[in-house]
1. If I go through the stretch 36-50 residue by residue, how many of them are surrounded by fewer than 11 Cβ atoms within 10 Å (Cβ to Cβ) and of a type outside the set (D, E, K, R)?
2. Among the residues of the stretch 51-73, how many are assigned to a loop (DSSP other than H, G, I, E, B) and surrounded by 10 or more Cβ atoms within 10 Å (Cβ to Cβ)?
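Coordinate-derived values only; no laboratory data. Keep in mind the model is a prediction, meaning the values are calculated, not measured. Positions of Cβ are backbone-derived with ideal geometry, glycine not excepted, and every protein chain shown enters the neighbour counts.
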Amino acid sequence: MQLKTMAVSLTSVVSKVMERIVKDNVVQHLNEYNVIKGSQREFTRGRSCLTNLLEFFRRYYHRVDEGKPVDIIDQDIC
């Protein structure tokens, strides 16, 4: 027996297009006026949780190599 999966979209194509247009305009405005910090990872092109983790480890090991103390607070928000 072969099972087939089917994707169900709860929003219309028009809604998705409008969402993309609004998002692109908001991001453009934020970038133009330098509102988004360089440390921001989510919702920015070319940056993700993985790049955030890699940057964290780079900074962590750099401080450890220099013999400086490092404090870490981990917060998991579901």
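1. 5
2. Going through the stretch 51-73 one residue at a time, the tally reaches 1.
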